[in-house]
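Below you'll find the structure, written out as structure tokens, and then a few comments.
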Amino acid sequence: MQKRPLTLIVASCIFLFSPISLINEFLLGKAINSVDWLLSGLLPLGLCVGLLRVNRIAWYTLFGFVFLWGVRDLHGLQNTSGNLIQVLLNLFIYTLSLTYFINPRIKRLYFDPRLQWWRTKIRYETHGPAIIEVGTKTHYPTLKNISEGGCFLETPHTQEQSEQILITIPLPSPVPRSSLKLIGEVRWVSSQPEKMGMGIQFLSLSKEDRINLKKFVAQH
């Protein structure tokens with residue numbers, strides 16, 4: 001298992017600045033209203049935790065955070081208590097942040113819990129048979145590598161990304177069962193002529209399946 005990306009940790013912890021400053025002001029005896037607790041305390045803290053955990057809640061929290069802070073800045077400007085240049089600068093930063101995070105690749109990296117690649121298990125090279133069933137069709141790919149979380153199936157009969165398939169993997173004699181039947185989701189597809197196939201993520205493993213899969217992987 002690899003380490004969590006440093007950039008992800010830094011980007012998450014930046015949002016702790018507001019809650020820490022708010023708590024410091026509170027300890028110094030400054031009166032803080034409920035709006036400040038929400039905008040400078042709960043929202044940034046929730047965004048930090050959501051980013052660290054890489055979940056979709058952080059995505060909605062980010063939009064709420066940017067929207068409410070933008071409204072607050074504009075409201076302060078209307079009350080003549082705000083500086084126009086500072087407000088425009090803040091709005092520019094908000095827009096720039098959303099433009100960065102709204103990029104599909106960046107969005108998946110920070111907000112898709114299925115893409116926590118640093119948690120992936122080590123994959124082991126294999127060259128064994130497998131069977132995949134998609135609807136009424138059956139194909140016989142080659143199992144090129146496998147881990148406790150997924151595998152790569154070399155086959156010209158690739159499926160669409162995110163499609164679910166039934167995979168049967170024959171098991172060797174030390175494992176009690178003769179084969180392992182798993183539900184997998186196509187995570188990526190290779191169309192290279194020398195290596196056509198699919199990267200599969202295993203879904204909803206039972207305790208028995210997980211034990212047998214772990215034994216199978218351990219042999220490689």
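Longest exposed-loop-site-free stretch of the chain, with GluC sites (Glu not before Pro), DSSP loop and at most 11 other Cβ within 10 Å? Maximal segment without exposed cleavage sites: 1-159. Using a Gaussian network model of the chain with C-alpha springs under 10 Å, which one of Gly41, Gly50, Gly135 is most mobile by mean-square fluctuation? Ranking Gly41, Gly50, Gly135 by mean-square fluctuation puts Gly135 first.
For segment 134-207, trypsin sites (Lys or Arg not before Pro) meeting the loop criterion (DSSP other than H, G, I, E, B) and having at most 16 other Cβ atoms within 10 Å: Arg177, Lys195.
Could you tell me which trypsin sites (Lys or Arg not before Pro) in segment 1-67 are loop residues by DSSP with no more than 10 other beta carbons within 10 angstrom of their beta carbon? It would help to have the intermediate numbers written out before the result.
Numbers: sites: Lys3, Lys30, Arg53, Arg56; in loops: Lys3, Lys30.
Sites meeting the loop and neighbour criteria: Lys3, Lys30.
Among (1) 28, 21, 17; (2) 49, 19, 13; (3) 24, 21, 15, only one was calculated for this model; which label is it, if the read-out is semi-axes √(5λ) of the Cα gyration tensor in Å? The value computed from this structure is option (2).
With each label modelled as a point 7 angstrom along the Cα→C-beta vector, the Glu160-Thr95 pair spans 3.7 nm.
If you put +1 on each Lys and Arg Cβ and -1 on each Asp and Glu Cβ, how big is the dipole of the chain around its Cα centre, in Debye rounded to 20? Display every interim value, and only then the final one.
On the way: 23 positive and 14 negative charges, 103 e Å.
I would put it at about 500 debye.
Listed by chain and number, the aspartates and glutamates whose C-alpha is less than 18 Å from the C-alpha of Lys215, apart from same-chain residues fewer than 8 away, are Glu125, Glu148.
Throughout, read-outs are computed from the coordinates displayed, never taken from laboratory work. Bear in mind that the values here come from a model prediction, so they are computed numbers and not experimental data. So basically every Cβ, Gly included, is an ideal-geometry build from the backbone, and we count neighbours across all protein chains shown.
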